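Readers should treat all values here as calculations from the given coordinates under stated rules, not as data from a laboratory. It should be emphasised that the depicted structure is a prediction, and the values quoted were computed from it without experimental measurement. So basically every Cβ, Gly included, is an ideal-geometry build from the backbone, and we count neighbours across all protein chains shown.
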Amino acid sequence: MSSSSSFCLPATATTTAIVREVGLRDGLQSLPVVLPTPTKFEWIDAAYAAGQREIEVGSFVPARLLPQLADTDALVMHAKRLPGLTVSVLVPNLKGAERALASGADLMLVPLSASHAHSLANLRKTPREVVAMVSQMRAARDAAGSAMLIEGGVGTAFGCTLQGHVQQEDVLALMQALLDAGADRVSLADTVGYADPASVRRLFEQARHIAGDQLCCAHFHDTRGLGLANVLAALDCGVSRFDACLAGIGGCPHAPGASGNVSTEDLVFMLESMGIATGVDLGKLLALREAAGRWLPGQPLHGALWRAGLPTTFPSHAGV
């Protein structure tokens, strides 16, 4: 194999990375349980105490559709009391954006599926209709004088269980359209776990060429065990912010039986082991992972670090 196909990190690789916790939204929305609001407060407080500074606390969707996320307003209010914490929420429509603006969250993430079929199934809108909606959200944000960031997240970027193949050109065109519509930044997501490191590198290299630093985040599911490998490939392309779920909870309704996002604790461990600082105390994070087992009895929890524990060679001060 030639050196040009190597996935070794370059000498200019980043020395710091951000792990955005999305378990309270992407994780819990896929579980058939409603976690009590005070327990979610405990989760936010413990994640903050462990050093996490970006948390997606919920989504502004109708409670009848996702009762698991009906308390998002209260979670934003609670999280905003923590100094230096970036509080994000997912918004699927204009009503959700209005609620997000009223909540005082720092960032709203607008999901857009590059797969036409998935977009209709998930949002009942075509990808281009979502782009038009982002333009309206930007206008509402600016009219309100809000400093809230708008992030356009392009999902099913590597394929779709409903549509099958998704053209890279379509993904890149939609990403550019989101920026043109007024999104402050964009992210790419492997919604159903079809990505591999080679495809991640190909897409992210092109996306970085188009969006530069406005390409802010990578969102990988560990459906087929390639989540961390895909993180490494994106990291190699200059991405330094990654979504993750505590205990790898969640999944996708269009990928039945699949595990959720990359496990937060496994991702932090990999980055810290590589000398990439996350600011997260792994001991405190593992204590939070243990608490999740009590909060979510009988639910599928994932990840390897919680089973094996930290190696005896791992510095006790890592992440501090």
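For this structure, a couple of remarks:
- The value obtained for segment 12-308, namely the Cα convex hull volume divided by the number of residues, is 117 Å³ per residue.
- Label-to-label distance, nm, for residues given as M274 and A308 (7 Å Cα→Cβ offset): 1.6 nm
- Under 13 Å, Cβ to Cβ, from L69 - net charge with Lys/Arg +1 and Asp/Glu -1: 0
- Zero-based 5 Å bins, Cα pair distances in segment 170-320, whole percents: 2, 9, 18, 19, 19, 15, 10, 6, 2, 0, 0
- Percent antiparallel among DSSP beta bridges (both partners in the chain, rounded to 5): 5 percent
- Between segment 31-57 and segment 191-229, the Cα center-to-center distance that results, in Å: 26 Å
- Here, segment 46-183 yields an orientationally averaged convex hull projection of 8.8 nm² when only Cα atoms define the hull.
- Under the criterion of Cα pairs below 8 Å and six or more residues apart, the relative contact order for the chain equals 19 percent.
- Those lysines that a straight Cα-Cα span of less than 17 Å connects to K80, excepting residues fewer than 8 apart in one chain: K40
- Taken about its Cα centre, the chain carries a charge dipole of roughly 440 debye when the Cβ of each Lys and Arg holds +1 and the Cβ of each Asp and Glu holds -1.
- Difference of contour (0.36 nm per residue) and Cα-Cα distance, D213 to Q167: 14.3 nm
- Alpha carbon centroid spacing (whole Å) that separates segment 83-120 from segment 129-150: 10 Å
- Dividing the C-alpha radius of gyration of segment 140-198 by 2.2 N^0.38 Å, with N its residue count, gives 1.34.
- Of the residues Q52, L31, A132, the one whose Cα sits farthest towards the positive end of the charge dipole of segment 1-155 is A132 (charges of +1 on Lys and Arg Cβ, -1 on Asp and Glu Cβ, taken about the Cα centre).
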